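In what follows, a structure is listed as structure tokens, so that the remarks can point back to it.
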Amino acid sequence: MSKKELTCPNCGAVVEAYRNPAPTVDTIIYRPERGVVLVKRGRPPYGHALPGGFIEEGEAAESAAIREALEETGLHITLKSLLGVYSDPARDPRRHTMSVVYIADTEHPENLQAGDDAAEAAFHPLESLPELAFDHARILADFKAVLRGDRKAADL
């Protein structure tokens, strides 16, 4: 456990602050005929990314994935499986995060529209992905391995 001594801004006492990774979620919304949904981020770090974000206090990871997908893409999704947990300290340039990554589907892909901090949202064929932010290229490589049968995703 990483901790650091800080000075309390109110009383001046030295206190210990624990520095833990921030929990996040990312969701692979996949339709075989269309590909995967990527959002073009409207805030730094810029680039294309899977829909996702920070888990809020008191929120389950599954609920956060559904909420973030709706906020960023306008899509109501059904979580199908768990791809994995990604926790490389360098995966997000802003701070150390760990992401729970889900695979999902949507019954109404035609409702896709950018929202929240997404500048754009679109389906992209797995064979021609744009440059990806964070560690999303690795995540999608793992997802392709699931589709090929070289790796398994966990049931929910």
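Things to note:
- Criterion: under 15 Å from residue 113 (Cα atoms) and in a loop (DSSP other than H, G, I, E, B) - qualifying residue of 38, 75: 75
Yes/no per residue for (1) under 30 Å from residue 20 (Cβ atoms); (2) surrounded by fewer than 20 Cβ atoms within 10 Å (Cβ to Cβ); (3) at pLDDT below 95:
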position: 57; (1), (2), (3): yes, yes, no
position: 84; (1), (2), (3): yes, yes, no
position: 96; (1), (2), (3): yes, yes, no
position: 111; (1), (2), (3): no, yes, no
position: 116; (1), (2), (3): yes, yes, yes
position: 129; (1), (2), (3): no, yes, no
position: 138; (1), (2), (3): yes, yes, no
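- Members of region 21-52 found to be within 12 Å of residue 101 (Cα to Cα) and buried (at least 20 other Cβ atoms within 10 Å of the Cβ), listed by number: 24, 25, 26, 27, 28, 29, 50, 51, 52
- Only listed residue being of a type outside the set (Gly, Ala, Ser), under 16 Å from residue 30 (Cβ atoms) and assigned to a strand (DSSP E or B), chosen from 82, 147: 82
- Sub-8 Å Cβ pairs linking a first residue in region 1-17 that is farther than 26 Å from residue 89 by Cα to a second residue that is part of a loop (DSSP other than H, G, I, E, B) and at pLDDT 75 or above, at least 6 apart or interchain, are 14/8, ordered by first then second residue.
- If the condition is being among the hydrophobic types (A, V, I, L, M, F, W, C) and outside any helix (DSSP H, G or I), then region 121-144 contributes 121, 122, 123, 126, 129, 132, 133, 134.
- Only residues that are more than 28 Å from residue 105 (Cα to Cα) and in a strand (DSSP E or B) were counted in region 1-35, giving 10.
- Residue check for residue 110: over 11 Å from the mean Cα position of the chain (by Cα) and outside any loop (DSSP other than H, G, I, E, B): yes
The values are calculated or read from the model by the stated rules, or taken from the named source; none is laboratory data. This is a predicted model, so every value here is computed, not measured. Glycine gets a Cβ as well: all are built from the backbone with ideal geometry, and neighbour counts include every protein chain shown.
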